[in-house]
Amino acid sequence: MKFSVKWLRDYINIDLSVEELSDALTFSGIEVENVEISPLAKELESVVIARVVECKPHPRKDSLYICMVDEGTEVRQVVCGAPNTRIGIKTAYIPSGKHLCDLHVKKAEIKGVLSDGMLCSEQELGLSNDHKGIIELPGDTCVGGKIVDYFELDDVTFDVEITPNRPDLLAIRGIARDISANLNIDTNFKEVKELDFYPDLTPSEHLVENLADRLCPRYLGTVINNVVIKESPLWLKKRLQAIGVKPVNNVVDISNFVMMEYGHPLHAFDIDKLSGRKIIVRKAHKGEKIEALDHRTYSLSDQELVIADSEKPVAIAGIIGGVDSSITESTTSILLETANFDYASIRKTSKKFKIFTDSSYRFERNLSSDTVPFIASKAIEMIIDLCQGKPISYQDSYPSREILSDVGLRISRTNQLLATNLTKEEIIAYLERLQLKVIDSTDERIKFSIPHFRKDLTREIDLIEEVIRLYGYNRVGQDSKVVTKSLTDKKRFKITRQITDFLFYNGFSEAINSSFTDKNSTETLKITEEDYRNSFIDIENPIGVDSSVMRTSLLPGLLKNVMLNISNGREDIKMFEIGKIYYDCHDKPEEKVFLTGVIVGNNNPKHWQINVHNSDIFSVKGIVQSLLDCLNKRVTYIATENSSYLQKGQEIKIISGEKIIGEIGKLDPLIAKKFDLQQPLYLFDINVDLILELYREKDLVYTEVVRYPEVERDISFIVSKKISHSNLLDTIKSVDTDYIKEVRLIDQFKGKNIPEDCRSLTYRLKLSSSAGTLTDNDIQQLMNNIFAKLSAEYTINKR
Amino acid sequence: MNREFDDLLHELKQSLKIAENDYDLNNIRSQFLGKKSRISKMMKQIGSIEPAKRPLFGKKINEIKQQIDSLIVSRADEIEQHQYEETLAKEQVDLTMPGVQPPVGSLHPLTLMRRELEDIFISLGFDVVEGYDIEDEYHNFDALNTPENHPARNEMDTFYIKASNTRPKQSNNRLLLRSQTSTMQVRTMENNQPPIKMVSIGRCYRNDKPDKSHSPFFHQMEGLTVDEGINFLDLRDILIKFARLMFGESIQWRFRPHYFPFTEPSAEFDIRCFKCYGEGCSICKQSGWIEIGGAGMVDTNVFDIVGIDSEKYTGYAFGLGIDRITMLKYRIPDIRLLFENDLRFLEQFR
Ligand SMILES: [Zn+2]
């Protein structure tokens, strides 16, 4: 549904910005889909007022003039063929290079004379059908001004979505009414005259015969004579054009205008073409045909409601008129149809014939029969005014009045449901803004009568909804101190599950051990006195000496579990525990969640197809790498030698920023011996609380996929064992950041043909470019650069 | 002439017979149809033939060419079919042999239960909060309406933290290991105003001699709802919803009056024994009912202590023994099995 701001302001005196009006609509429940400059204003944007300062005939063609035109800033030469072209005329000028509707105005030679721009007729400007000559503006018009401003075409068009329960909002008056209620500003609707205001308009008995009053609850026909069919005045066309309705002629434009104003369709017949000069509302006869205004012929069954004359259908009721009885330029008498139809029947017929008109769209939403006299009167008034029409007779078939039931509302129920504290007076004030009227009331209950255009209000809850709509959905609860917030630590919840699941799916079994331990547990691991793991929290009344303190590490428990399972005959063990450790930190007890894992034996079980791989430090490092990658933790792994229980040269610290968040390593064989552990044991120990502290939610943003193929290239070289992989990797990656997508170490070789203190490494590079397929040349160049950079920084030998 | 053609075809057939692959076939094609083939040479001789016979000759050559081509093509189809069958035969394997399985470990049964509880209560609109194991007397007892000398305050049951040099003994509020997750009721209400709807799962400690149903540390879930208009029916409703989600729609239940210092009225919540259906068995200790947890309406004294308006708000609280429910659900006879971490036990829970 479209409306323009200027049209809206015919009914309500508002001076709001587009944003303010959008907000007012939004909080009325009217969704704003689009806001734009009115089409006509947009089209005429570049047209300015200009004065012809020179005018002489074209030497090569009689009917043409060569004019010099002052358009405010410059004087331009224009060739024009309009007969009224003359010196001094003020008219509309469009410069070359601009568009007027679909016409692109170009600088061109016309019969050998340069024409820079164009002078326009009213028709060309879309203002009227007048194409006799260029538009003539009064002498006092300001040269250089915009045509849009002069004709006040600058309007803003809103396209809004109306929910199906609110046909009353398919009307610009309806929207004004809702905004008025929402902002508590009065409307300035003009009173519509009663039909008996018109002295010559007399009731008739022979105009309308309603044979289907169940499907047509009301039919008001009015005959208007002396009608002059012509073009509508500019103001009316502006209104219609602003909402995208094409002006046709005064009678058609008036019916469109009134429909948009009231949301209730109406139709005009040429009464001279109605056989018997009367209307019969009836079901169609099987096999009857009608050619509709869309120039298609419809074959009717006895299910459809038609408007007929004494012989044949002249319209498919409420949906579309027939061609034969339509208004033409020669029409002088019309029969104006203002009626209401059963919405279900309209919908059925419209669906059956696949005809969807502004009219069917509204009727199928259950309109009110009581709007009928208003639209009739408004249309009559306009037809008298704009078509010199003389209303002479009417007949109003309205066999059973439409009566809307009164609706009651309980104050306590309203407040309970809405969480408000509204008084009876406040509730009444809100609903009266919507033109509901109090019928009667007690302290607790108010009974309202419903205005005829609000058929959707039938139950208490409907009224409660209207109250909160006007009170404000977002105002509810604003004055209460309660802020609803979640107490769940979602990050911890999610990450804990992610970690446990990751390890589970990678072959680890979860252990849960006692929180108690004995003091010797750290002694065995040679943990130094000052380490936090020796700041035990002692239990005053322990259950035994081996559980006299709280655990400060998950490792002793897991080592115990490993021993148990080895003694049960297990060889390959992967276990982890995620749980709290407790220690004394400056006289306050601290509780931290740690994740500790151990691997003993083979990394994978024996399988007929796959070789067994002994676990080593890289098995456990790989697990931690993948785990932390999943948690989006950017960390570095640094070789260290300061843990008392890890074997020298088999110890890695996991660093994030300044903080050590964990370690990876191999249990020192001497310590393993104390546990009677023969096999190598690899472990990781990670502070989960620190991970949570440093965790950032993954910021997943799509980066464009390179559309060109990836190329793989290997680079192999011999280098001193002292140079670390991570240094080499950094160097390779630093050569180019655009083409190198991935660098992967795929081989290490020591021994034969390689010096004792050296190793040979092979890296595989994935290369691609978003600019195009990489040529052999590009690739060779890049590989050379990499090799040059490596050679510059280290002593390497290409293999 | 015809003789020559017959020879040619015979020769072709011999060659095709020994052809094995596309390479051989391509050679044959160029040998018999290529520029230097005999047929090409014959074609070139057309000039030397008397004009009247030329059309017939040309027609004959074309026929032979087509014949050669179709023989080669049909042999190519044969070879392709043969290769396809060979591939199928080669890839006949014993499909009962094991696939390459990525390794899978196991999740601890308590973790499985914890997740199930969390998911159930999240679906019922509860927040999940975390608490501390090391608490003080105030949060474990006093604030829960269990002042000193209260008969319910069994000192013997509670582990106390030993005072240290740096942490002198505070005789009026000693540190301890919480004996119940109900401490989380106090912690949550101290820090938040209603509406509150939370559960908290955690470890508790009691100085019990370990046996098949007791462990000095164990796990509980605490639930708490505080809002305007919360009533006893809300409590019963939420626990029945929980029991149905956990043990099935057809579960039978009952509430028994009970006593807890921090709720009033207080109750214990039983479900029908899912093994004997009420007949009496070892799981239900012949009673036909299994106790699931304790519950009640939050005592107004607790509200007063934590500073929540007890006239405006009401609430309910409940506590469930997680180890106990886990043992019931998985039919684990001895609580100690849960903490031994024997892989033969753990690996049953995948
Ligand atoms: Zn039983």
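In this structure, B:Ile196 does not satisfy being within 33 Å of the chain's Cα centre (by Cα) and within 16 Å of the ligand (Cβ to nearest atom).
Only a single criterion out of (1) within 14 Å of chain A (Cβ to nearest Cβ); (2) within 14 Å of the ligand (Cβ to nearest atom); (3) not aromatic (Phe, Trp, Tyr) is not satisfied by B:Leu224, namely (2). Looking at the stretch B:284-316 only, could you name the residues that are of a type in the set (Val, Ile, Thr) and within 16 Å of the ligand (Cβ to nearest atom)? B:Ile290, B:Ile292, listed by residue number. Listed by position, the helices (runs of 4 or more DSSP H) inside the stretch B:1-73 whose residues that are within 30 Å of B:Tyr84 (Cα to Cα), open to solvent by 90 Å² or more (accessible area, probe 1.4 Å) and not aliphatic (A, V, I, L, M) number at least 3 are B:2-18, B:22-33. Of all residue pairs spaced 6 or more apart or on separate chains, those with beta-carbon atoms under 8 Å, a first member in the stretch B:96-115 that is at the interface with chain A (Cβ under 7 Å from one of its Cβ atoms) and a second member that is aliphatic (A, V, I, L, M) and part of a loop (DSSP other than H, G, I, E, B) are B:Val100/A:Ile610; B:His108/A:Ala511; B:His108/A:Ile512; B:Leu110/A:Ile512; B:Thr111/A:Ile512. Against the conditions (1) facing chain B (nearest Cβ under 8 Å); (2) open to solvent by 30 Å² or more (accessible area, probe 1.4 Å), A:Ile539 satisfies every one except (2).
What number of residues within the stretch A:779-799 satisfy the criterion of being open to solvent by less than 90 Å² (accessible area, probe 1.4 Å) and either among the β-branched types (Val, Ile, Thr) or modelled with pLDDT under 90 (or both)? Residues flagged as open to solvent by less than 90 Å² (accessible area, probe 1.4 Å) and either among the β-branched types (Val, Ile, Thr) or modelled with pLDDT under 90 (or both) within the stretch A:779-799 amount to 3.
With respect to A:Val281, is the statement that it is in contact (Cβ under 8 Å) with a residue 60 or more places away in the chain and among the β-branched types (Val, Ile, Thr) true? Break it down into steps so the answer makes sense when it comes.
Numbers: in contact (Cβ under 8 Å) with a residue 60 or more places away in the chain: yes; among the β-branched types (Val, Ile, Thr): yes.
In short, yes.
Among the residues of the stretch A:103-129, those identified as without any contact (Cβ under 8 Å) to a residue 24 or more places away in the chain and surrounded by 12 or more Cβ atoms within 10 Å (Cβ to Cβ) are A:Leu103, A:Val105, A:Lys106, A:Lys107, A:Ala108, A:Glu122, A:Gln123. Suppose the filter is under 24 Å from A:Ser509 (Cβ atoms), assigned by TED's automatic domain parsing to the domain that holds A:Val688 and assigned to a loop (DSSP other than H, G, I, E, B); does A:Asn642 pass it? Here the answer is no, as A:Asn642 does not meet what is asked.
All of A:Ser345, A:Ser377 fail the test of being among the hydroxyl-bearing types (Ser, Thr, Tyr), open to solvent by less than 10 Å² (accessible area, probe 1.4 Å) and assigned by TED's automatic domain parsing to the domain that holds A:Pro199, apart from A:Ser377. Across the stretch B:119-136, the qualifying residues are those that are in a helix (DSSP H, G or I) and open to solvent by 10 Å² or more (accessible area, probe 1.4 Å), and the one among them that is nearest to the other protein chains (Cβ to nearest Cβ) is B:Ile122. Checked against (1) surrounded by 19 or more Cβ atoms within 10 Å (Cβ to Cβ); (2) more than 14 Å from chain A (Cβ to nearest Cβ); (3) more than 21 Å from B:Asp127 (Cβ to Cβ), B:Val302 passes all but condition (3). Looking only at the stretch A:567-597, residues that are more than 11 Å from chain B (Cβ to nearest Cβ), crowded, with 20+ Cβ neighbours inside 10 Å and not polar (S, T, N, Q) come to 2 in all. If you check B:Leu320, B:Leu338, B:Leu328 for being within 14 Å of another protein chain (Cβ to nearest Cβ) and either under 30 Å from A:Met563 (Cβ atoms) or surrounded by 17 or more Cβ atoms within 10 Å (Cβ to Cβ) (or both), only one passes: B:Leu338. Yes or no: the stretch A:501-517 includes at least one residue that is more than 7 Å from every other protein chain (Cβ to nearest Cβ), surrounded by fewer than 21 Cβ atoms within 10 Å (Cβ to Cβ) and touching a strand residue (DSSP E or B) at 6+ places or on another chain (Cβ under 9 Å). No, there is no match, as no residue in the stretch A:501-517 is more than 7 Å from every other protein chain (Cβ to nearest Cβ), surrounded by fewer than 21 Cβ atoms within 10 Å (Cβ to Cβ) and touching a strand residue (DSSP E or B) at 6+ places or on another chain (Cβ under 9 Å).
Listed by position, the strands (runs of 3 or more DSSP E) inside the stretch A:381-487 whose residues that are in contact (Cβ under 8 Å) with a residue 60 or more places away in the chain number at least 2 are A:390-397. With respect to (1) within 14 Å of chain B (Cβ to nearest Cβ); (2) open to solvent by 70 Å² or more (accessible area, probe 1.4 Å), the lone exception for A:Asn520 is condition (1).
Could you please find all residues in the stretch B:252-283 being within 16 Å of the ligand (Cβ to nearest atom) and either touching a Phe, Trp or Tyr at 6+ places or on another chain (Cβ under 9 Å) or within 19 Å of B:Leu233 (Cα to Cα) (or both)?
B:Gln252, B:Trp253, B:Arg254, B:Asp270, B:Ile271, B:Arg272, B:Cys273, B:Phe274, B:Gly278, B:Ile283
Pairing each residue of the stretch B:252-280 that is at positive phi with any residue that is open to solvent by 20 Å² or more (accessible area, probe 1.4 Å) and within 16 Å of the ligand (Cβ to nearest atom), provided the two are 6+ apart or on different chains, yields C-beta distances under 6 Å for B:Gly278/B:Arg272; B:Gly280/B:Gln286. Within the stretch B:89-106, can one find any residue that is open to solvent by less than 50 Å² (accessible area, probe 1.4 Å) and closer than 30 Å to A:Met550 by Cα? Within the stretch B:89-106, one or more residues are open to solvent by less than 50 Å² (accessible area, probe 1.4 Å) and closer than 30 Å to A:Met550 by Cα.
The values are calculated or read from the model by the stated rules, or taken from the named source; none is laboratory data. Because the structure is predicted, anything quoted here is derived from the model rather than measured. Every residue, glycine as well, gets a Cβ built from its backbone with ideal geometry; the counts of neighbours run over all protein chains shown. The area values use the complete protein model at the heavy-atom level, side chains included, leaving out ligands, DNA and RNA. Shrake-Rupley method; radii C 1.70, N 1.55, O 1.52, S 1.80 Å.
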